[in-house]
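Trainee: So that we are looking at the same thing, I have put the structure below in structure tokens.
Taken together, the values in this text are just the output of simple stated rules run on the coordinates, not laboratory data. Worth saying up front: this structure is predicted, and the values here are computed from it rather than measured. Virtual Cβ from ideal backbone geometry, glycine too; neighbours counted across all protein chains shown.
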Amino acid sequence: MNTTGYRVTYTILAVALLAIIGGSILFIPAGDPEQLPEAVERYSPHDGDIAINPVKVLIDVQPYYEVRFVIDGTPIPESDVDAIIAIGRYQFEPGEGKVIERWTPGEHTVVATWIGGTAGTDAGTLVWTFRLQ
């Protein structure tokens with residue numbers, strides 16, 4: 001191959017590399033932080049997470065708010081939820097004698113509904129899914 005052939009080959013490779021880098025910058029999500037409702041401080045596992053057992057479903061809301069969980073269509077009784085109402089932390093972990101005794105591999109959907117605020121006027125719902133390996 002002569003000098004011109006090498007130059008053409010290297011130019012094509014350089015253009016392809018720049019196209020890959022440019023496409024990555026344009027099409028990969030920017031990673032903007034998730035916008036949560038005002039009542040919610042954090043939750044876990046996050047939407048779309050891939051988790052490994054043991055997993056606790058957790059949500060932190062404003063102090064003295066009440067939270068109810070429905071996981072995979074099953075309402076979780078208050079007695080199965082560990083709650084610290086004064087700081088607004090609610091968590092559920094499957095266990096013997098609970099409505100969900102163990103996690104199964106696959107996707108799980110959590111619906112957390114809260115009510116609180118002045119005279120119970122602040123209400124809302126947060127829905128997320130996670131996958132268990």
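Trainee: Could you give each residue of the range 51-68 its phi-based ³J(HN,Hα) in whole Hz, using Karplus coefficients 6.51, -1.76, 1.60 with θ = phi - 60°, and x for Gly or Pro?
Mentor: 10, 10, 4, x, 10, 10, 8, 9, 9, 10, 10, 4, x, 6, 7, 9, 10, 10
Trainee: For semi-axes √(5λ) of the Cα gyration tensor in Å, several values are listed as [x] 48, 20, 10; [y] 36, 16, 13; [z] 26, 15, 14; flag the one computed from this structure.
Mentor: Only one option fits the structure, namely [x].
Trainee: Sticking with this one: Can you tally the net charge around Arg102? Count Lys and Arg as +1, Asp and Glu as -1, for every other residue whose Cβ sits under 12 Å from the Cβ of Arg102.
Mentor: Result for the local shell: -2.
Trainee: By how many degrees, 0 to 90 and rounded to 10, does the Cα axis of helix 3-27 deviate from the longest principal axis of the chain?
Mentor: The helix 3-27 is inclined about 20 degrees to the chain.
Trainee: Got a sec? Charge dipole of the chain, +1 on Cβ for Lys and Arg, -1 for Asp and Glu; which of Pro94, Ala14, Asn2 is way out at the positive end?
Mentor: Positive-end residue among those listed: Asn2.
Trainee: Sequence-distant or interchain residues sharing an amide H contact under 5 Å with Ala51, placed H: which?
Mentor: Amide H neighbours of Ala51, under 5 Å, 5+ apart: Arg131, Leu132, Gln133.
Trainee: Over the chain, what is the mean sequence separation of C-alpha contacts under 8 Å (at least six apart), divided by residue count, expressed as relative contact order in percent?
Mentor: Once normalised by length, the contact order is 23 percent.
Trainee: Right, something else. Show me, for the range 104-110, the HN-Hα J-couplings you get by feeding each phi into the Karplus relation (A = 6.51, B = -1.76, C = 1.60, θ = phi - 60°), rounded to Hz, glycine and proline as x.
Mentor: For the range 104-110, the Karplus curve yields 9, x, x, 8, 10, 10, 10 Hz.
Trainee: Using the beta-carbon distance between Ile85 and Leu132 and R0 = 25 Å, what value does 1/(1 + (r/R0)^6) give for FRET efficiency, to the nearest 0.05?
Mentor: The calculated FRET efficiency here is 0.35.
Trainee: HN-Hα J couplings of the range 93-103 from phi, Karplus 6.51/-1.76/1.60, θ = phi - 60°, integer Hz, Gly and Pro as x?
Mentor: The phi angles translate into 9, x, x, 4, x, 8, 4, 10, 7, 7, 7 Hz.
Trainee: Right, here's the next one. Within 10 Å, count the other beta carbons around each residue, average over each peptide in 53-60, 123-130, 6-13, 101-108, and list them highest first.
Mentor: Averaged packing, sorted descending, gives the order 53-60, 123-130, 101-108, 6-13.
Trainee: Top mean-square fluctuation among Gln91, Gln35, Gln62, Gaussian network model of the chain, C-alpha springs under 10 Å?
Mentor: Ranking Gln91, Gln35, Gln62 by mean-square fluctuation puts Gln35 first.
Trainee: Starting from the Cα-Cα distance between Gln62 and Ile20, subtract it from 0.36 nm times their residue separation and give me the gain in nm to one decimal.
Mentor: 10.6 nm
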